Amino acid sequence: MTFLSLARKNAWRKPLRTVLLLICIAVAFLIYALTASFLAGSQGTSAASEDVLGVMSVAGRAQPLPMAHLARIAAEPDVGAATFMTRLRGFVGSEKNVVAVSAVEPQGLMSVNGRELGLTPALIGSLDQGRDRILVGRALAEAQGWSVGQLITITAFQMVRQDGDREWRFEIAGIFEGENESTDTYFAIGRYDYVNASRAKGRDTVDVFVVRPRDGIKASTLAARIDSLFANSAAPTRTQSEKQFLEAFLRQYADIKLIVNLVTGVAFVTLLMIVINTMVFAVRERTFEIGVLKTLGVSGGRIIALVLVETFLIVAIGATIGLVLAKLATVLVGTVLGLAFSPSVLAKATAIALAVGLATGLLPAINAMRTPIIKAFRAR
Amino acid sequence: MTQEPFITLAGVRKGYRTGSDAIPIFTALDLAIPRGDFVAIMGPSGSGKSTLLNMLAGIDVPDAGSLKVGNYRLDQMGETARSSWRAHNMGIVFQFYNLLPMLNAAENVELPLLLKPLSAGERRSRVAKVLDLVGLSGREKQYPSMMSGGQQQRVGIARAIVSDPKLLLCDEPTGDLDRKSADEVLEILALLNRTLEKTIVMVTHDPQAARSAKRTLHLDKGLFVEEKRAA
Ligand SMILES: Nc1ncnc2c1ncn2[C@@H]1O[C@H](COP(=O)(O)OP(=O)(O)OP(=O)(O)O)[C@@H](O)[C@H]1O
Ligand SMILES: [Mg+2]
């Protein structure tokens, strides 16, 4: 036997109470890890690039820009590479099953954004082999159960074909993986020449120009310069980094980060109160026994350590259960929901667990240490 | 007896206050107990027997006067120093055993040894030795809730002597036991005094228990009276 096993035995002496505490702690850490993974994931913004700029209409991203802008953007000396895209948004099967195809010029996209999307020359080559071919992101492919060679039909929300139809048929030419697991791959990449030639309206316009600044050029400076190019034109622009755009996009609905912090904050304050309260009572019940330990010569410091180790054990086990569940969730449905259980989420959760352990253990521990033996013996 | 006494109380004053009332228990208590003695302390309820024993155990302190055990002036030591003194110099046996319920017999006995720099193997052999001494070999794995009062008290004695202290303090060790169990416990205490030369101070209400001791002191109104006995 050691003092550690003594703490462990103390932790388990009322199994039901301990199990309830574990559930409560596990749920709090599950909530934390899921929301933090959400922020770290592709629906959040941390993985979005700050280096790549998007040039959109000031009137909003649904408003088209003339293709003629491209030449003026490309002529700007600080621009490393520039390309363009138009989004074809629609659904497959049910109307809720929204799918977006970015119609691009493949070589241009490759040079501006190829690394971030995980595009390879082979993928681009297979896209080149047919006008109606598309590349599907890994997340989208897995969610829809699509594979290479499959033919799919997307019903566009707005973009009508010349024949008056809204059904767009594509053949899947390949699957792109994204640079890493937090890259948003829930979309497809198609060919602009095909989409542009087939659509009834808006011919030769684009939704966005994508610009990579030259090495060493600050993205925000270049963004301002590009916007000034078109400030007095018929189609003024707003240029933002992908990250800024995503943040602004999410903020349209709500300040997600604030909500997440509030939810986890409330969960943890509640958790703290429950665990502190339970531990204070659990230790108070043992006042007499702590008096016995002190009589045997166990020092006040050891008594504190004993109670702290007990709470740390409970918090550590509860937190581990919560984090393992969160990890499972991200593995099972993470790509669809845009969750990324990154090492930084794990590190923060560990730090929170330590803080919770200390915060909840300290009060009962100090209570236990300070009760004089004579008083402890009268507690029976 | 020319040797200096093992335990010396001189002019010890002790009282409690409850609210505004001060309850004096001892005003000037003197006591000397030689090494190797086995003293029974008797007296009416509330006469301060437990208070005295707690002071000897270093878990309570005199308000004034001096209290010396071995080379230690307990009245001058702080709580931390007394705590470590307790770990190495005295063992205590309680009326209600005070075993820890989630530990089995062997673990309860091992507890005080965790405060000493001993290997797990040494701890185990010492625990086995004292459990054998109190006649509980083979019951190492039993939990207190599964044992009789007499058995629990023997675990309590084993726990008190496992770190081999010179001083053994017992507060009504047989107070909760039937006659037969009480006699077994008293026999063990007498044996510890005789063969291992433990100095024992035992508080008791039971005249028969007091007879196991070498002498009996009666505490009344804050003073001791030694009982005369036919030798
Ligand atoms: N912590 C305390 N606070 C206040 N009064 C106390 C405290 N401890 C003991 N007393 C009082 O001191 C007196 C002596 O108590 P003590 O427990 O020493 O008596 P005792 O001789 O052991 O009695 P008993 O035979 O009933 O065990 C009693 O009047 C008791 O109420
Ligand atoms: Mg008493």
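Any read-out appearing in this document is the output of simple, stated calculations on the displayed coordinates, not a laboratory observation. Here the structure is a predicted model, which is why all the values come from computation and not from measurement. Note: ideal-geometry Cβ built from the backbone for every residue, glycine included; neighbour counts use all protein chains shown.
Might you report the magnitude of the Cβ-based charge dipole of region B:7-229 about its Cα centre, with Lys and Arg at +1 and Asp and Glu at -1, to the nearest 20 debye?
For this selection, approximately 440 debye.
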For n ≥ 4 DSSP H runs only, could you compute -39500 (n - 2.57) per run for chain A, divide by its residues and tell me the 222 nm figure to the nearest 500?
-18000 deg cm²/dmol
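Report the antiparallel proportion of the DSSP beta bridges in region B:7-229 as a percent, rounded to a multiple of 5.
Expressed as a percentage, antiparallel bridges in region B:7-229 total about 55.
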Counting pairs on different chains as well as pairs 8 or more places apart, how many Lys pairs in chain A have Cα atoms under 17 Å apart?
5
Helix A:300-337 sits off the longest principal axis of the Cα atoms of chain A, rounded to the nearest 10 on a 0 to 90 degree scale, by 20
Could you tell me which of A:ILE189, A:ALA68, A:ALA143 has its Cα farthest along the dipole of region A:59-235 towards the positive end, charges placed at Cβ (Lys, Arg +1; Asp, Glu -1), taken about the Cα centre?
A:ALA68
Express as a percent, rounded to the nearest 5, the fraction of DSSP beta bridges in the protein assembly as shown (both residues included) that run antiparallel.
65
Ranked list, fewest to most other Cβ atoms within 10 Å of each Cβ, for A:HIS69, B:HIS88
B:HIS88, A:HIS69
In degrees rounded to 10, the 0-90 angle between helix A:256-284 Cα long axis and the longest Cα principal axis of chain A is 10
Once both axes come from the Cα atoms, what is the angle between helix A:242-251 and the longest principal axis of chain A, in degrees from 0 to 90, rounded to 10?
70
Scoring only Lys, Arg, Asp and Glu (+1, +1, -1, -1) among other residues with Cβ under 15 Å from the Cβ of A:GLY149 yields 0
When ranked by the protection proxy of mean other Cβ atoms within 10 Å per residue, highest first, what sequence do the peptides B:26-34, A:133-141 form?
A:133-141, B:26-34
For the protein assembly as shown, with the dipole built from +1 on Lys and Arg beta-carbon atoms and -1 on Asp and Glu ones, taken about the Cα centre, which of B:VAL12, B:HIS88, A:SER344 lies farthest toward the positive end?
B:VAL12
Computed helical MRE - 222 nm, chain B, DSSP H runs ≥ 4 contributing -39500 (n - 2.57), nearest 500
-9500 deg cm²/dmol
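Below 12 angstrom from the Cβ of B:ASP183, what's the summed charge of the other residues (Lys, Arg +1; Asp, Glu -1)?
On the way: positive: B:ARG179, B:LYS180, B:ARG211; negative: B:ASP178, B:GLU184, B:GLU187, B:ASP206.
Residues close to B:ASP183 contribute a combined charge of -1.
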Within 10 Å of the Cβ of an average residue in B:120-127, the count of other chain Cβ atoms is 1
Counting sequence-distant residues (5 or more places) and residues on other chains, those with an amide H built under 5 Å from that of B:LEU29 are B:GLY11, B:VAL12, B:ARG13
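Sort the following peptides by mean Cβ neighbour count (other Cβ atoms within 10 Å, averaged over residues), highest first: A:55-62, A:111-118.
A:111-118, A:55-62
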Which of A:GLY178, A:GLY361, A:GLY93 fluctuates most in a GNM of chain A (C-alpha springs under 10 Å)? That residue is A:GLY93
For chain B, modelled as a Gaussian network with Cα springs under 10 Å, which listed residue fluctuates most, B:SER181, B:SER163, B:SER45?
B:SER45
For region A:129-272, what class follows from the C-alpha gyration tensor (a ≥ b ≥ c being the square roots of its eigenvalues): rounded when a/c is under 1.5, otherwise prolate if a/b is larger than b/c, else oblate?
oblate
Given charges of +1 on the Cβ of Lys and Arg and -1 on the Cβ of Asp and Glu, with all other atoms neutral, how large is the dipole of the protein assembly as shown about its Cα centre, in debye to the nearest 20?
1560
